[in-house]
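Participant: Take a look at the following structure, please.
The values are calculated or read from the model by the stated rules, or taken from the named source; none is laboratory data. Computed from a predicted model, the values in this text were never measured in an experiment. Quick reminder, even Gly has a Cβ in these numbers, built from the backbone with ideal geometry, and neighbours come from all protein chains shown.
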């Protein structure tokens, strides 16, 4: 039996830049300290037996085809399929999965699993992938096997993570630039408030938003909405819904760049303001928030947050709030009380810090 290889990859929080990735725009995520860990003990079989802490067991073939596997194990099967499509033969064996990244919370648990699994498979086969090829293989697994039409944001954030830094991702060039995000020394906390309302990228709403953006770009005769910087030009889009979707993307790109400048200046009040503006845009123009999510944001702001917004693809998941560290506990208590009084689930809160990206660990 071959030795066990282990790879871990983090989830992510997107500070700003929602639904900009597939529009060729900008985003500003951090990799989380919370990680998914995949262990693989290869053998000579043609199946992979998977044991996942929170999901039980499953078996997938080393030669899967799209549609063969559904549910949580489809992410592993999708990775196997994507690697084989890239000419990398994946061995059978025994796989273990453990994760600290909440599932369905908009914190990119799927990308963490995909990136960790690819790292384990490539380490086992002594195959080298650069980070972009690694990210594209993970994205292909999610897009073409699982059926979720996501961009590269989650995978790039998981792979490029750097402690105490956010990541400015340019989805036109696919360049990733670290931006200082040293909140502790500034007395600032980034609090994640999990609404406990699950979301799913494979649902039709995400695909509808992407199609709307593509129609808007076609109406403007540009390759993607990244080419648009002037909201006045959006008047050429005759469909009012498509016009609102495009306005979100165009203004969100500028908010990302403004927030990067503010972070470099350590101006967290301005960063918070951009986060709050982003939420309003997602609520009113992109229409991907929910009443429960909106209440968490509004409550956090009333309780003294410098800024708050939903993070992730939408329709559930988490809110992030930027707040002075000394006020974080009181803010969480106030939000919890108000949200529960309104009949919504009690949010689960934790302080997020920027962590390292995917890595292969020494043999156990």
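Participant: Taking residue 293 and the conditions (1) in contact (Cβ under 8 Å) with a residue 24 or more places away in the chain; (2) touching a helix residue (DSSP H, G or I) at 6+ places or on another chain (Cβ under 7 Å), which numbered condition does it fall short on, given that it satisfies the others?
Facilitator: Of the numbered conditions (1) in contact (Cβ under 8 Å) with a residue 24 or more places away in the chain; (2) touching a helix residue (DSSP H, G or I) at 6+ places or on another chain (Cβ under 7 Å), the odd one out for residue 293 is (2).
Participant: Using the structure shown, decide if residue 270 is more than 19 Å from the chain's Cα centre (by Cα), without any contact (Cβ under 8 Å) to a residue 24 or more places away in the chain and assigned to a helix (DSSP H, G or I). Spell out how you get there, then give the answer.
Facilitator: Values: more than 19 Å from the chain's Cα centre (by Cα): yes; without any contact (Cβ under 8 Å) to a residue 24 or more places away in the chain: yes; assigned to a helix (DSSP H, G or I): yes.
It is true that residue 270 is more than 19 Å from the chain's Cα centre (by Cα), without any contact (Cβ under 8 Å) to a residue 24 or more places away in the chain and assigned to a helix (DSSP H, G or I).
Participant: How many residues, within the stretch 326-364, are surrounded by 15 or more Cβ atoms within 10 Å (Cβ to Cβ) and part of a helix (DSSP H, G or I)?
Facilitator: Residues meeting the conditions: 9.
Participant: A follow-up question, please. If we only count strands (runs of 3 or more DSSP E) wholly inside the stretch 1-70, which ones have 2 or more residues that are in contact (Cβ under 8 Å) with a residue 24 or more places away in the chain?
Facilitator: Working: elements: 5-16, 26-43, 47-52, 56-61.
Counting at least 2 such residues, we get 5-16, 26-43, 47-52.
Participant: Still on this structure: Out of the residues in the stretch 100-121 that are within 23 Å of residue 41 (Cα to Cα) and out of contact with any helix residue (DSSP H, G or I) (no Cβ under 8 Å at 6 or more places or on another chain), state the one that is modelled with the lowest pLDDT.
Facilitator: 109
Participant: Name, by its number, the condition in (1) in contact (Cβ under 8 Å) with a residue 12 or more places away in the chain; (2) surrounded by fewer than 22 Cβ atoms within 10 Å (Cβ to Cβ); (3) assigned to a loop (DSSP other than H, G, I, E, B) that does not hold for residue 90.
Facilitator: Residue 90 satisfies all of (1) in contact (Cβ under 8 Å) with a residue 12 or more places away in the chain; (2) surrounded by fewer than 22 Cβ atoms within 10 Å (Cβ to Cβ); (3) assigned to a loop (DSSP other than H, G, I, E, B) except (2).
Residues checked against (1) surrounded by 15 or more Cβ atoms within 10 Å (Cβ to Cβ); (2) within 18 Å of the chain's Cα centre (by Cα):
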site	(1), (2)
147	yes, yes
151	yes, yes
155	yes, yes
161	yes, yes
181	yes, yes
185	no, no
193	yes, yes
197	yes, yes
217	yes, no
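Participant: Now, a different point. Just a yes or no: is a residue in the stretch 38-47 in contact with a helix residue (DSSP H, G or I) (Cβ under 8 Å, 6 or more places away or on another chain), modelled with pLDDT of 95 or more and over 16 Å from residue 96 (Cα atoms)? Break it down stepwise before answering.
Facilitator: Restricting attention to the stretch 38-47, the residues satisfying the condition of being in contact with a helix residue (DSSP H, G or I) (Cβ under 8 Å, 6 or more places away or on another chain) are 38-40, 42.
Now drop any that are not modelled with pLDDT of 95 or more, which leaves 38-40, 42.
From what's left, over 16 Å from residue 96 (Cα atoms): none.
No, every residue in the stretch 38-47 fails to be in contact with a helix residue (DSSP H, G or I) (Cβ under 8 Å, 6 or more places away or on another chain), modelled with pLDDT of 95 or more and over 16 Å from residue 96 (Cα atoms).
Participant: Separate question: Out of all the residues in the stretch 231-251, is one or more in contact with a strand residue (DSSP E or B) (Cβ under 8 Å, 6 or more places away or on another chain), within 30 Å of residue 186 (Cβ to Cβ) and surrounded by 22 or more Cβ atoms within 10 Å (Cβ to Cβ)?
Facilitator: Filtering the stretch 231-251 for residues in contact with a strand residue (DSSP E or B) (Cβ under 8 Å, 6 or more places away or on another chain) gives none.
Looking for residues that are in contact with a strand residue (DSSP E or B) (Cβ under 8 Å, 6 or more places away or on another chain), within 30 Å of residue 186 (Cβ to Cβ) and surrounded by 22 or more Cβ atoms within 10 Å (Cβ to Cβ), one finds none in the stretch 231-251, hence no.
A quick yes/no check of all residues on (1) in a loop (DSSP other than H, G, I, E, B); (2) surrounded by fewer than 18 Cβ atoms within 10 Å (Cβ to Cβ); (3) over 22 Å from the mean Cα position of the chain (by Cα):
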{"position": "103", "(1), (2), (3)": "yes, yes, no"}
{"position": "106", "(1), (2), (3)": "yes, no, no"}
{"position": "114", "(1), (2), (3)": "no, no, no"}
{"position": "120", "(1), (2), (3)": "no, no, no"}
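Participant: State yes or no: is residue 309 within 23 Å of residue 171 (Cβ to Cβ), surrounded by fewer than 16 Cβ atoms within 10 Å (Cβ to Cβ) and in contact (Cβ under 8 Å) with a residue 12 or more places away in the chain? Break it down into steps so the answer makes sense when it comes.
Facilitator: On the way: within 23 Å of residue 171 (Cβ to Cβ): yes; surrounded by fewer than 16 Cβ atoms within 10 Å (Cβ to Cβ): no; in contact (Cβ under 8 Å) with a residue 12 or more places away in the chain: yes.
No.
Participant: Follow-up question, since we're still on this one. Can you report the number of residues in the stretch 77-108 which are within 18 Å of residue 156 (Cα to Cα) and in contact with a strand residue (DSSP E or B) (Cβ under 9 Å, 6 or more places away or on another chain)?
Facilitator: To start, the set of residues in the stretch 77-108 that are within 18 Å of residue 156 (Cα to Cα) comprises 78-79, 82-83, 101, 106-108.
Now narrow it down to the ones that are in contact with a strand residue (DSSP E or B) (Cβ under 9 Å, 6 or more places away or on another chain): 101, 106-108.
Within the stretch 77-108, residues that are within 18 Å of residue 156 (Cα to Cα) and in contact with a strand residue (DSSP E or B) (Cβ under 9 Å, 6 or more places away or on another chain) number 4.
Participant: May I pose another question? Here are the criteria: (1) free of Cβ contacts under 8 Å to residues at least 24 places away in the same chain; (2) under 15 Å from residue 161 (Cβ atoms). Tell me which single one residue 130 does not satisfy.
Facilitator: Tallying (1) free of Cβ contacts under 8 Å to residues at least 24 places away in the same chain; (2) under 15 Å from residue 161 (Cβ atoms), residue 130 fails exactly one: (2).
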